[in-house]
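These notes concern the structure reproduced below.
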Ligand SMILES: Cc1ncc(C[n+]2csc(CCOP(=O)(O)OP(=O)(O)O)c2C)c(N)n1
Ligand SMILES: [Mg+2]
């Protein structure tokens, strides 16, 4: 089931430079005399019906998948650390429509939506949450460590900020190979305070690496608000210290995210190096499944829910008459089926064999204590 579904829902990652598809342009065929600013302008306000339907379906899958995850966690079918992305969906959806299939993604532990949007099947993600051998990390990674090289999804990282230098390294590999792929490296507002970010920003700018740093500023690092941890509330300002093009972006809308990522990707593919996007978003649920979220008010959560990204896309689809009620119902049923099937798949899959414990952990097969 999975493949055709994901290809349909995620057309931008098939192969075209999405924003240019309507203009029928490919980046390699664009004459040199067209300036960067003109290209960006041409790409703006160029959203199609397919964009909106694709965003809706993609975000609904993320949402319904995680609602089911929360339920299964409550039943102790899913255990361990588990962080939900509900509320932040437009950040991933708006990114994916602006980049290509060959581009690379790396993120932190709040990674279910990123993995699904990269085209990893709901089956493989759910099985991983269950710790089953059919999971995308063979049941040994769990919620925080989803991974699929085949889908250009490089994790899923539990060490806050650990993926920032790794993301720059992946971009460096593509630069070294001489292709024009970009890497999107996501991290949170809390991770923005890690020392590794500064070392990475310095080298990434020096070497003009094709990387887009996406800071998903959801206002909190666990229970600690941005205001309680820093004097620099506008996180994008950190990039300015390295003369890195940097901006803040509304993360509750797919359109604004798409525009910003599209511009950053053009810059990176052009050999002009990295960008920092501080994308302002909000998570409706607690930090993890064990967080009662007492550090914020109900009113604050409700304010953000009024800007819900899925509802915003739905409103556009309705107002532009891109689809009728029947279509929404069909998508809801289709996604419900995918999610329920993924639970069945996970429940009926075996756990990894204990003999697999060191497989894929050490690069060297003769690492000393593996055989002891
Ligand atoms: C190096 C390190 N320090 C502390 C932690 C504990 N920890 C886990 S999540 C987290 C908060 C990170 O917040 P943020 O980067 O804003 O991401 P969000 O959870 O909001 O997506 C902390 C401190 C950790 N996992 N790694
Ligand atoms: Mg945060």
| query | What's the Kirkwood radius of region 250-303 in Å, using all Cα pairs? | reply | 13.7 Å
| field | Relative contact order %, region 122-204, counting alpha carbon pairs below 8 Å whose residues are six or more apart | value | 18 percent
| query | How many percent of the alpha carbon pairs in region 43-147 exceed a separation of 17 Å? | reply | 52 percent
| note | Expected max-MSF residue from 50, 336, 299 in the GNM of the chain (alpha carbon, under 10 Å) is 299
| By average C-beta atoms within 10 angstrom, highest first, the peptides 240-251, 319-330 | 240-251, 319-330
| query | Cα centroids of region 75-105 and region 318-372: how far apart, whole angstrom? | reply | 13 Å
| task | Quick one: compute the contact order of region 2-371, relative version, from alpha carbon pairs under 8 angstrom and 6+ residues apart, as a percent. | result | 21 percent
| note | Projected convex hull area of the chain, Cα atoms, direction-averaged, in nm², equals 19.8 nm²
| query | If packing is taken as the mean number of other Cβ atoms within 10 Å per residue, what is the order of 254-265, 190-201, highest first? | reply | 254-265, 190-201
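Read-outs throughout are calculated quantities, based only on the coordinates presented, and are distinct from any laboratory measurement. Quick caveat, the model's predicted, so the values are computed rather than measured. So basically every Cβ, Gly included, is an ideal-geometry build from the backbone, and we count neighbours across all protein chains shown.
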